[in-house]
Amino acid sequence: GRYAITMDPGPYAGDFSITAGFVGFETAYVTIPSIGNGAVIEQDLTLIPLGSLSGSIRDTSGIPITGAQVTLGTMVVRSDAAGHYSFPALDPVTVVGNVIAGGFDPASVNVTVNPGVDVIEDIALMKATAVLTGTVTRADIEGPIAEEVSGGSVSTDTDFQGNYTLTGLPSGACQITVTAKFCHQYQAVVPLVDHQTLRQDFTLSPLHWTGPKQ
């Protein structure tokens with residue numbers, strides 16, 4: 001591992017920069033303020049082995065996610081058909097990884113890359129959801145009424161002003177059901193988009209009601 005650099009003497013009185021690098025190791029840098037003519041300088045350099053980061057991207061039920069984008073600084077990779085991703089040569093440092101995939105909520109993780117170690121970081125993504133909000137009223141009276149609104153496995157009661165908000169709804173065509181005492185049940189299919197909030201008001205018809213209020 002010995003090295004030697006010999007230079008012709010001259011009038012240069014500035015500093016000297018030395019760089020040492022090898023495949024699989026972090027590049028080492030050192031600056032020597034000055035070297036007098038005829039002087040012999042001993043300068044050892046230590047190369048730190050690079051680390052790596054790999055793992056899998058899956059949903060919360062364990063199914064691999066293909067094509068998820070994983071970003072570390074300016075480096076970007078995508079998960080393969082098995083959900084696997086890899087960054088093969090990383091400087092030993094603590095980094096923030098960001099993961100995005102269509103139909104899922106984005107995720108971020110803090111990872112410490114150790115010298116010469118393949119760090120394994122598996123990441124589970126939550127399915128992206130939407131929000132539905134609005135007001136429920138009755139067709140035969142003025143003002144809101146208190147009701148229950150549900151979509152899939154998500155349900156909520158309206159407040160005393162008839163307002164409701166359903167969170168965590170699956171994106172796509174979602175069947176919404178609105179129920180209330182003394183009213184016909186109301187069902188509608190509402191198109192929802194990931195990470196967006198849609199407003200949808202509902203008007204219920206009371207039982208035995210035959211038409212608009214006169």
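The values are calculated or read from the model by the stated rules, or taken from the named source; none is laboratory data. No experiment lies behind these values; they were computed from the predicted model shown. So basically every Cβ, Gly included, is an ideal-geometry build from the backbone, and we count neighbours across all protein chains shown. Ligands, DNA and RNA are excluded from the accessible area calculation, which covers all protein heavy atoms including side chains. Shrake-Rupley method; radii C 1.70, N 1.55, O 1.52, S 1.80 Å.
Taking residue 133 and the conditions (1) over 30 Å from residue 27 (Cα atoms); (2) in contact with a Leu (Cβ under 9 Å, 6 or more places away or on another chain); (3) assigned to a loop (DSSP other than H, G, I, E, B), which numbered condition does it fall short on, given that it satisfies the others?
(3)
Considering each residue of segment 63-92, count those that are small (Gly, Ala, Ser), assigned to a loop (DSSP other than H, G, I, E, B) and under 26 Å from residue 127 (Cβ atoms), and give that number.
6
Which of the residues belonging to segment 153-174 are part of a loop (DSSP other than H, G, I, E, B) and open to solvent by 70 Å² or more (accessible area, probe 1.4 Å)?
Those that are part of a loop (DSSP other than H, G, I, E, B) and open to solvent by 70 Å² or more (accessible area, probe 1.4 Å): 153, 160, 161.
I'm trying to understand the selection: among the residues of segment 85-101, which are without any contact (Cβ under 8 Å) to a residue 40 or more places away in the chain, open to solvent by less than 80 Å² (accessible area, probe 1.4 Å) and farther than 19 Å from residue 25 by Cα? First the steps, then the outcome.
Residues of segment 85-101 without any contact (Cβ under 8 Å) to a residue 40 or more places away in the chain: 85-88, 93-94, 96, 98, 100.
Keeping just the survivors that are open to solvent by less than 80 Å² (accessible area, probe 1.4 Å) gives 85-87, 93, 96, 98.
Of everything in segment 85-101, those that are without any contact (Cβ under 8 Å) to a residue 40 or more places away in the chain, open to solvent by less than 80 Å² (accessible area, probe 1.4 Å) and farther than 19 Å from residue 25 by Cα turn out to be 85, 96, 98.
Counting only residues that are open to solvent by 80 Å² or more (accessible area, probe 1.4 Å) and free of Cβ contacts under 8 Å to residues at least 12 places away in the same chain, how many does segment 11-40 have?
Number of matching residues: 5.
Has segment 35-52 got any residue that is at pLDDT 90 or above, in a strand (DSSP E or B), in contact with a Gly (Cβ under 6 Å, 6 or more places away or on another chain) and closer than 24 Å to residue 115 by Cα?
Scanning segment 35-52, I find at least one residue that is at pLDDT 90 or above, in a strand (DSSP E or B), in contact with a Gly (Cβ under 6 Å, 6 or more places away or on another chain) and closer than 24 Å to residue 115 by Cα, so the answer is yes.
Hey, among 171, 108, which residue is among the hydroxyl-bearing types (Ser, Thr, Tyr) and within 17 Å of the chain's Cα centre (by Cα)?
108
Let's see how each residue does on (1) within 21 Å of residue 103 (Cα to Cα); (2) at pLDDT 90 or above; (3) touching a helix residue (DSSP H, G or I) at 6+ places or on another chain (Cβ under 7 Å):
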position: 141; (1), (2), (3): no, no, no
position: 156; (1), (2), (3): no, yes, no
position: 172; (1), (2), (3): yes, no, no
position: 181; (1), (2), (3): no, no, no
position: 202; (1), (2), (3): no, yes, no
position: 212; (1), (2), (3): no, no, no
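Within segment 73-84, work out how many residues are of a type in the set (A, V, I, L, M, F, W, C) and without any contact (Cβ under 8 Å) to a residue 12 or more places away in the chain.
2
Step by step: first the residues of segment 127-139, then only those that are modelled with pLDDT under 90 and among the aliphatic types (A, V, I, L, M), then the one that is surrounded by the most Cβ atoms within 10 Å (Cβ to Cβ). Which residue is that? Break it down into steps so the answer makes sense when it comes.
Keep residues of segment 127-139 that are modelled with pLDDT under 90, which gives 127-129, 137-139.
Subset that is among the aliphatic types (A, V, I, L, M): 128, 139.
Working: 128: 17, 139: 14.
That would be 128.
Restricting to segment 41-58, count the residues that are open to solvent by less than 100 Å² (accessible area, probe 1.4 Å) and over 36 Å from the mean Cα position of the chain (by Cα).
Of the residues in that region, 3 qualify.
Run residue 110 past the list (1) assigned to a strand (DSSP E or B); (2) open to solvent by less than 70 Å² (accessible area, probe 1.4 Å) and report the number of the one that doesn't hold.
(2)
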